[in-house]
Amino acid sequence: MATNYTEDIGPVAWPLKMVSQEVVEHMLGWNIPEEHQDLVHDHWRDFPAVSKYWHFGLALIYTMLMFASISGNGIVIWIFSTSKSLRSASNMFVINLAIFDLMMMIEMPLLVINSFHQRLVGYQLGCDIYAVLGSLSGIGGAITNVIIAYDRYKTISSPLDGRLTRVQASLLILFTWLWALPFTFLPAFRIWGKFVPEGFLTTCSFDYFTEDTDTKLFVMCIFIWSYAIPMLSICFFYSKLFSAVRLHERMLKEQAKKMNVKSLAAGKEDAGKSVEIRIAKVAFTIFFLFVCSWTPYAFVAMIGAFGDRSILTPVATMVPAVCAKIVSCIDPWVYAINHPRYRAELEKRVPWMGVREPDPDSVSTSSGATAQTQNAAEA
C-alpha cells in the first residue's frame with residue numbers, strides 16, 4: 001500500500017493532501033452544497049467553521065428571546081387594543097411598534113432551525129425570507145420610534161390642539177410601513193443590493209462585502225435611511241419635548257410665585273422637577289435602546305463596505321442580530337410600563353405579574369404639573 005501511495009502522489013504529498021482536505025472541509029461554508037456555494041462570500045471562507053456548541057447556544061438564546069417577545073409584545077397588543085381607556089390615537093403607535101417587534105420574532109424559529117442544521121435551510125429563498133422579515137421589522141420599528149417621539153412632542157408642547165386624531169395616526173402608521181418597504185424589497189428582488197448569509201452563515205442581511213461602487217452606494221443610502229435619519233429625528237423631537245416641559249414648569253413656578261404659594265402641584269413640592277426627570281429618563285432610555293439595537297448593525301455594515309474587514313469575525317457579526325432581538329423584546333415595555341392606565345390594566349388582567357398601580361381615574365390631575373406628568377406618561 002505504501003508503494004502505491006508513493007507511485008500515485010509521493011509519500012510526502014499524500015499526508016499534506018489529506019490535511020489540506022480536512023482544513024477545507026472545516027472552514028465556514030464547507031457544509032453548503034456546491035450548487036449553493038455562491039451564497040458564501042470569500043471573506044467567510046477564511047474562518048474556521050463554528051463549533052456546533054456555538055450554534056446550539058445561539059439557538060437557546062433565540063428560543064428564550066422568542067418566548068419573551070411573544071409574551072411582552074403579545075400582552076401589549078392585547079391590552080392596548082381591547083381596553084377602552086387605552087384606545088387613543090397615540091397608543092396606536094405603541095401597538096404598531098409591538099407588531100413590528102413581533103414580526104422580528106418570526107425570524108427566531110428560522111434561526112433555531114438553521115442552527116441545528118448548522119447552515120441556511122432553504123438556501124437563497126430561506127436567506128431572503130429571513131432578511132425580509134428582519135429588514136421590514138427593523139426599519140419599520142426605527143421609524144415608528146420617530147413617530148412616537150413626534151407624537152409625544154406634539155402632545156406635550158400643544159396639549160389643547162396638538163393631539164393627533166385616529167385618522168392622522170392611521171396615516172402615520174401607513175407611512176411607517178411604506179418607509180420600510182424600499183430597502184426591504186429592492187435587495188429582495190435584486191433591483192439594488194441583495195441579501196446574503198453572514199456571521200455563522202445561519203442568518204442573513206444585506207450585502208456589504210461586494211467590492212463595487214453600486215454596493216457601497218447602497219450601504220451608504222441604507223445607513224442614512226434606516227439609521228441616521230431616525231436617530232437624528234428622535235434626538236430632535238425629544239430635545240424639543242424636554243425643552244417644552246422645562247418651559248412649562250418655569251411658567252408654573254412663576255405663576256406660583258405671583259400667587260404667593262409654594263407650588264401649583266397640589267402639595268407636591270418637587271412636581272416640576274419630577275416631570276423633567278421622568279421625561280428625561282424615558283427619552284434617554286428610548287435613545288439608549290435605539291443606539292444599542294442598531295449601532296452594531298451600522299458599525300458592521302460601514303466597516304464591511306469601507307473599513308478593515310479583518311475585524312468582522314463570525315462572532316463579531318452575530319452581535320448585531322442578538323442586540324436587535326433583545327431590544328425588540330424590551331421596546332414595548334419602555335413605553336407601556338410608563339403608562340399608568342396600562343399598569344392598572346396589567347394589575348386587573350394579569351395579577352400574577354405583581355404589578356401594583358392605583359386607578360388613574362381616582363387620582364386627581366387638576367394641577368398643571370400633575371396633568372403635564374399624566375400627558376407625558378400617556379402620550
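The values are calculated or read from the model by the stated rules, or taken from the named source; none is laboratory data. Since the structure is predicted, the reported quantities are computational estimates derived from the model, not experimental observations. In this analysis, Cβ positions are derived from the backbone assuming ideal geometry, glycine residues included, and neighbour counts consider all displayed protein chains.
Data table
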| item | result |
| --- | --- |
| Some residue of the range 83-90 being surrounded by fewer than 16 Cβ atoms within 10 Å (Cβ to Cβ), closer than 24 Å to residue 289 by Cβ and within 22 Å of the chain's Cα centre (by Cα) | no |
| Test set (1) closer than 23 Å to residue 152 by Cα; (2) at pLDDT 85 or above - residue 307 fails condition number | (1) |
| Answer from 56, 116, 47 - the residue that is at pLDDT 90 or above, of a type outside the set (S, T, N, Q), more than 30 Å from residue 331 (Cβ to Cβ) and surrounded by fewer than 20 Cβ atoms within 10 Å (Cβ to Cβ) | 47 |
| Per-region count, the range 165-181, residues over 23 Å from residue 131 (Cβ atoms) and not in a helix (DSSP H, G or I) | 1 |
| Long-range neighbours under 6 Å by Cβ, at least six apart or interchain, first residue under 13 Å from residue 103 (Cβ atoms) within the range 122-150, second outside any helix (DSSP H, G or I) and modelled with pLDDT under 90 | 133/106 |
| Selection from the range 189-211 of residues that are farther than 19 Å from residue 138 by Cα and either outside any loop (DSSP other than H, G, I, E, B) or basic (Lys, Arg) (or both) | 190 |
| Residues of the range 68-87 satisfying the condition of being touching a Pro at 6+ places or on another chain (Cβ under 7 Å) and among the aromatic types (Phe, Trp, Tyr) | none |
| Residue count for the range 182-206, restricted to those that are within 19 Å of residue 311 (Cβ to Cβ) and without any contact (Cβ under 8 Å) to a residue 24 or more places away in the chain | 0 |
| Checklist (1) within 14 Å of residue 306 (Cβ to Cβ); (2) surrounded by fewer than 22 Cβ atoms within 10 Å (Cβ to Cβ); (3) touching a helix residue (DSSP H, G or I) at 6+ places or on another chain (Cβ under 6 Å) applied to residue 221, failing item | (3) |
| Residue count for the range 40-87, restricted to those that are of a type in the set (S, T, N, Q), free of Cβ contacts under 8 Å to residues at least 40 places away in the same chain and not in a helix (DSSP H, G or I) | 1 |
